[in-house]
Amino acid sequence: MPYPPELAEWILGALLPLDMRETVSGDLLEEYRESRVPAVGEFRADLWYWRQVGGMWLRAYWWLVVSAVFLHVVYDVFNTFRASSGASYLDGRPTIVYAVLSPVGLVGLVGLATAYGSRRAGRWQGGFAAALGVSAIVWLLMAAWRSATFQPFTLAQQANPYWIQAWQSSPSNETFQHWMYWDGVGALISAGIVLLVASCVFGGIAALCGEVIVPLAGPRGRRLIGRVSLCLAALLLVVVGLTGPRPVPPAEVALWAATGGPPLDFDAPHDGRVVAHLDLMRGLPPDIARIRVSESATGATVWDVTPSPALRVCWNGCWNLTLSAGPNPASFAAGRQKFKAVVPSTPTFSLTRGTAYLFEVWDSKQRVQRHRFTL
């Protein structure tokens, strides 16, 4: 006796509310065995069964997929098309805007899918199926969007100083188009990992509630838990959007501290100057053992300084170094930390407009971060 695919049957059982589960699954099984398999064979009958399950999933959760794709498309458009200065058109907008457009908000939507799916199906497996399905379909649509927009978006990006600066800061010597391609691939891989982890985490929370908490609550308590979970998931979406941009700098600092050396970020050069931020948390003293600026084209060292003594201090809110076209002091004091120039031997060094430079900073473990800039 033929049986439908086990995974499809599990998804179907997870999707359906309790009062519909036996009837719908029984009708599908009957048509699968008595009509489809004899008429078209087991393989094509399996495909038909998958289509039925997929159709039921989409009818239940299409609005979550559309919402997630809309968030991604709008954010990607604003991130790509910027003002002539390189600034985002979202800069200065109310923080609540990030509740809708932040990429981290996709995680909140996965949480909302988990809560809604669990409540709709009356079991935690429904939430896990909803979250995993939303994550998988959104990721595939993100990949399709990236493929469809790569050429026109790259043409717009290569004329904007924000993206030019990001490309120049890359340690590789790739062409702009090649760099943008692999940057997009990396972003897609990262998004897939984040969505998968979020699905598993929220699914685990749903399983804990479904197997441990809900059985102890009774029928009335279950209804209350379902409503509260749905409200908390919606609240999570808003909170993640509101606070999403804030945890990013601390997370970057933690990553660099563990793997990559000093945290380093640059403002887009303007008016003949650039600001190097060696502390993204605005309060965590960075570990700096050496700073060097050299010409990208020739490799000639323009400026090379080391601290004496080596201290962790906050300076200029907390560690922001401004470099300008023309003369700059070769040695300087960053609060109680003195930096003495090895190169040049003169009191100042000069930077020229239009020349590409490489900024490098080392920590005490000799880990290095690099950034290219042009004044």
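Quick note: the coordinates plus some simple rules give every number you see, no bench work behind them. Since this is a predicted model, take the numbers as computed values, not measurements. Cβ placement follows ideal geometry from the backbone for every residue including glycine, while neighbour counts extend to all protein chains displayed.
Take the alpha carbon gyration tensor of segment 15-148, find the square roots of its eigenvalues, order them as a ≥ b ≥ c, and report rounded if a/c is under 1.5; if not, report prolate when a/b exceeds b/c, else oblate.
It is oblate, given that a/c is not under 1.5 and a/b is not larger than b/c.
Ordering VAL194, VAL342 by the number of other Cβ atoms within 10 Å of each residue's own Cβ, fewest first, gives VAL342, VAL194. Positive contributions from Lys and Arg (+1) and negative ones from Asp and Glu (-1), summed over other residues with Cβ under 14 Å from the Cβ of VAL138, come out at 0.
By the beta-carbon count within 10 Å of each Cβ, the least crowded to most crowded order of LEU109, LEU321, fewest first, is LEU321, LEU109.
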